[in-house]
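Values quoted throughout were computed directly from the atomic coordinates according to the rules given, and no laboratory measurement underlies them. Remember, predicted model here, so these are calculated numbers, not experimental data.
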Amino acid sequence: GLTVRWAAGALVGIVLLAAGVAKLTSRGWPGQADALGAPAWAIRSTPFVEIVIGAALVAGVDYAAVAAIVLLVAFTALLVRALARGVKAPCACFGSLRTRPVTWWSVVRNIALIALAIFSLT
């Protein structure tokens, strides 16, 4: 029902909120994201975008899940590209909280978050 769909979206929202705050409070985030190949404009704006979309999901704003899906697909594409190029940089998904190199599990996690966001739309 509606509550389960909201909970799925809220879970994605909480993850995005945590990731955005972690990036804002991380000294290492810009360098990590740069090492993964993220464009400079995205490095500057990503934490704020994550916080806004995350808060909107938790608040149950209509179509916030669509924005989350677009964002997560972009993140996933960046991770896949980095992995395909053999980049061994930290994930940077949660700022300095995660210092292990990006792996295919990072991609799987993002696909699961995308699936939850899609489910929250139905």
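Starting at the first residue of the stretch 6-12, write each ³J(HN,Hα) from the Karplus equation 6.51 cos²θ - 1.76 cosθ + 1.60 with θ = phi - 60°, in whole Hz, x for Gly and Pro.
So the J values, rounded to whole Hz, are 4, 4, 4, x, 5, 4, 4.
Based only on Cα atoms, what Rg/Rh ratio does the chain have, Rh being taken as Kirkwood's radius?
On the way: Rg = 13.9 Å, Rh = 14.3 Å.
Looking at the chain, the ratio lands at 0.97.
Kindly express, to the nearest 10 degrees and within the range 0 to 90, the angle between helix 64-84's C-alpha long axis and the longest C-alpha principal axis of the chain.
Taking Cα atoms only, the helix is inclined about 30 degrees.
HN-Hα J couplings of the stretch 41-50 from phi, Karplus 6.51/-1.76/1.60, θ = phi - 60°, integer Hz, Gly and Pro as x?
Per residue, the Karplus-derived 3J(HN,Hα) values read 4, 6, 4, 5, 8, 3, x, 5, 4, 4 Hz.
Work out from phi, with θ = phi - 60° and the Karplus expression 6.51 cos²θ - 1.76 cosθ + 1.60, the ³J(HN,Hα) of each residue of the stretch 29-34, listed in order in whole Hz, and give x for Gly and Pro.
3, x, x, 4, 5, 4
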